[in-house]
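Just so it is clear, none of the values below were taken in a lab; they were calculated from the coordinates. Since we're looking at a predicted model, the values are computed, not measured. In this analysis, Cβ positions are derived from the backbone assuming ideal geometry, glycine residues included, and neighbour counts consider all displayed protein chains.
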Amino acid sequence: MPPTEVPTPRVSALAVIRHPQTGALFVNEFIDPADGVTFHRPCGGGVDWGETAAAAVVREFAEEFGLAIEVGRRIAVIENIFTYAARPGHEVLFFFEARFADPAAYLVERRDCLDHPGEYALWRDPALTHEQVPLYPVGLAEALAAQA
């Protein structure tokens, strides 16, 4: 009998990029197909074997948006157990302060994702509340507020 594969948490690295003039947060916007709820999450992606989390977020921005970023300090690590598309998920997320290497990147309001057609990123208005458009993972807003 073959061994049963046990799911393991995914490790991801995400960038906290603030617009220098408005304070808006650069986020992916998603709609959960199970319940139609729109939510935001900072951009980034999975850490590959042998890759640091900081290197992963730089690679992900190049792959997803064709953009270079400069990564600063790690500001949080959050374990996220969630449900998306009616399926359970479990991840460990590294959050880094970051900025675009090219200041012109701040001028674009919305960016399509190059390697995931239909996905995009935009600037999240700092006045938005979690009740209006959730910011995930849970605990991120508090971690960001503690950094301010």
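Laid out as a table, the results:
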| read-out | value |
| --- | --- |
| Read-out Cα Rg over 2.2 N^0.38 Å, derived from the coordinates shown; its label in (i) 1.06; (ii) 1.22; (iii) 1.00 | (i) |
| Inter-label distance, nm, simple model (7 Å from Cα along the C-beta direction), Ala85/Asp112 | 2.0 |
| Val6/Asp125 FRET efficiency (R0 41 Å; Cβ-Cβ; nearest 0.05) | 0.50 |
| Antiparallel bridges, percent of DSSP beta bridges restricted to segment 5-148 (to nearest 5) | 80 |
| Modelled FRET efficiency - R0 22 Å, Glu63 with Asp32, Cβ distances, 0.05 increments | 0.40 |
| Theoretical ellipticity at 222 nm over the chain - DSSP helices of four or more residues, -39500 (n - 2.57) apiece, nearest 500 | -4000 deg cm²/dmol |
